[in-house]
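*Asks:* Quick one: the structure is below, and I'll ask about it shortly.
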Amino acid sequence: MIHLAVGRFNIDIIVKLDSIPPIDSSHMTDVLEIMPGGAATNYAVAVTKLGHSAKLLAKVGKSEVVRSLMEKVVELGVGLEYVEELNEKPSATLIFLRSDGTLSMVRRLGASILLTREDVKRRFGLFDVIHFASVSPNVVVRDPYAKLVSYDPGPQAKNIDSIDVDILYINEKEYEMIEGKNIKARFIVIKMGKKGAKIITETEECSVEPIQVEKVVDTTGAGDTFDAAFNVTYSEEKDIIKSLQVASVASGLKVTKIGGISSPTLEEVREYLRKKKPNVICK
């Protein structure tokens, strides 16, 4: 299976900091990293680690930092031939990571906002799965040749008036935002963090428990990893329960490592599942 991840390639600057230091003071930290990021990038890396192929469709600002980070993503197996360099500021995110793994973000959208629906249409018929990640709903378009089309709007959920996809990934707050909107989706997947996740279909509603980890280090990219794991599994097996279990494990393992691209490998997920499968309840 070949996936196209539509969205951003970010410069992620991650700093561990529980509070902003007062004026004229300094603060020491053991985490200050510059890594590749962006929801679509995180998704594409997770897909490749889980055994499928992935390419990224994005627009980036010309920058030596961006180029060096792109090399890291290529080394992880993601195809970047659909990433276009522009004479614009690079997209960047400053991530304040707290000791308990929770975080706050400051974003500069940069070149990433120049992506259009026409950019996607030019790639119709080339991919089995197309996933739109944190892009405007105006960019989302259904490829009639794709086996699976999914959308995780992230902060863009508030801008949705109507959407037509196979899977819509949202969190609890975003679910409230889309109430009463024209949503055409076979599945709506609601990610609930420490409470697990649930999927709503035309005929049933299933909930999966989260896995227990020793320490939550960084939740950046956990949702993107969930999306990738569910899409990979469902596109292969058309099994909702197994897809929820794999997604729960993959996203749970992700939060034990720093950085949005630090998702688990297929073998790491399988090893966990051999020991324990997350409980799924359908009604």
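The values are calculated or read from the model by the stated rules, or taken from the named source; none is laboratory data. Bear in mind the structure is a predicted one, so any value in this text is a computation, not a measurement. A quick note on method: Cβ atoms are made from the backbone with ideal geometry, for glycine too, and the neighbour counts reach across all protein chains shown. Areas reflect the complete protein model, heavy atoms only, side chains present, ligands, DNA and RNA absent. Shrake-Rupley method; radii C 1.70, N 1.55, O 1.52, S 1.80 Å.
*Asks:* Determine whether the stretch 118-131 contains at least one residue that is crowded, with 19+ Cβ neighbours inside 10 Å and farther than 17 Å from T41 by Cβ. Don't jump to the end; show me each part of the working.
*Replies:* The initial filter retains those residues of the stretch 118-131 that are crowded, with 19+ Cβ neighbours inside 10 Å, namely 120, 127, 129-131.
Of the ones still in play, those that are also farther than 17 Å from T41 by Cβ are none.
Checked against the condition, which is being crowded, with 19+ Cβ neighbours inside 10 Å and farther than 17 Å from T41 by Cβ, the stretch 118-131 yields no hits at all.
*Asks:* Within the stretch 170-232, considering only strands (runs of 3 or more DSSP E) that don't extend past its boundaries, which have at least 2 residues that are without any contact (Cβ under 8 Å) to a residue 60 or more places away in the chain and open to solvent by less than 40 Å² (accessible area, probe 1.4 Å)? Walk me through it before giving the result.
*Replies:* On the way: elements: 182-191, 197-200, 205-208.
Those strands (runs of 3 or more DSSP E) span 182-191, 197-200.
*Asks:* Is there a residue in the stretch 273-280 that is of a type outside the set (D, E, K, R), closer than 21 Å to I170 by Cβ, over 17 Å from the mean Cα position of the chain (by Cα) and at pLDDT 95 or above? Reasoning before the result, please.
*Replies:* Narrowing the stretch 273-280 to residues of a type outside the set (D, E, K, R): 273, 278-280.
After this cut, where a residue has to be closer than 21 Å to I170 by Cβ as well, the list is 278, 280.
From what is left, the residues that are over 17 Å from the mean Cα position of the chain (by Cα) are 278, 280.
Okay, now just the ones that are also at pLDDT 95 or above, so 278, 280.
Yes, that holds for at least one residue.
*Asks:* Please work out if V74 is open to solvent by 50 Å² or more (accessible area, probe 1.4 Å), outside any strand (DSSP E or B) and of a type in the set (A, V, I, L, M). Please lay out each step first, then the result.
*Replies:* On the way: open to solvent by 50 Å² or more (accessible area, probe 1.4 Å): yes; outside any strand (DSSP E or B): yes; of a type in the set (A, V, I, L, M): yes.
So V74 passes the test.
*Asks:* Just checking, which of A58, A46 is open to solvent by less than 10 Å² (accessible area, probe 1.4 Å) and either more than 23 Å from T116 (Cα to Cα) or of a type outside the set (A, V, I, L, M) (or both)?
*Replies:* On the way: A58 fails: either more than 23 Å from T116 (Cα to Cα) or of a type outside the set (A, V, I, L, M) (or both).
Of the residues listed, the single one that is open to solvent by less than 10 Å² (accessible area, probe 1.4 Å) and either more than 23 Å from T116 (Cα to Cα) or of a type outside the set (A, V, I, L, M) (or both) is A46.
*Asks:* Next question. Would you check which residues across the stretch 233-247 are farther than 24 Å from I14 by Cβ and part of a helix (DSSP H, G or I) and list them? Don't jump to the end; show me each part of the working.
*Replies:* Initial filter on the stretch 233-247 (farther than 24 Å from I14 by Cβ): 233-246.
Across the stretch 233-247, the qualifying residues are T233, Y234, S235, E236, E237, I240, I241, K242, S243, L244, Q245, V246.
*Asks:* What number of residues in the stretch 149-163 are farther than 16 Å from L56 by Cα and either over 19 Å from the mean Cα position of the chain (by Cα) or in contact (Cβ under 8 Å) with a residue 40 or more places away in the chain (or both)? Give the derivation first.
*Replies:* Just the residues of the stretch 149-163 that are farther than 16 Å from L56 by Cα, to begin with: 153-163.
If we keep only those that are either over 19 Å from the mean Cα position of the chain (by Cα) or in contact (Cβ under 8 Å) with a residue 40 or more places away in the chain (or both) too, we end up with 154, 161-162.
Total satisfying the criteria: 3.
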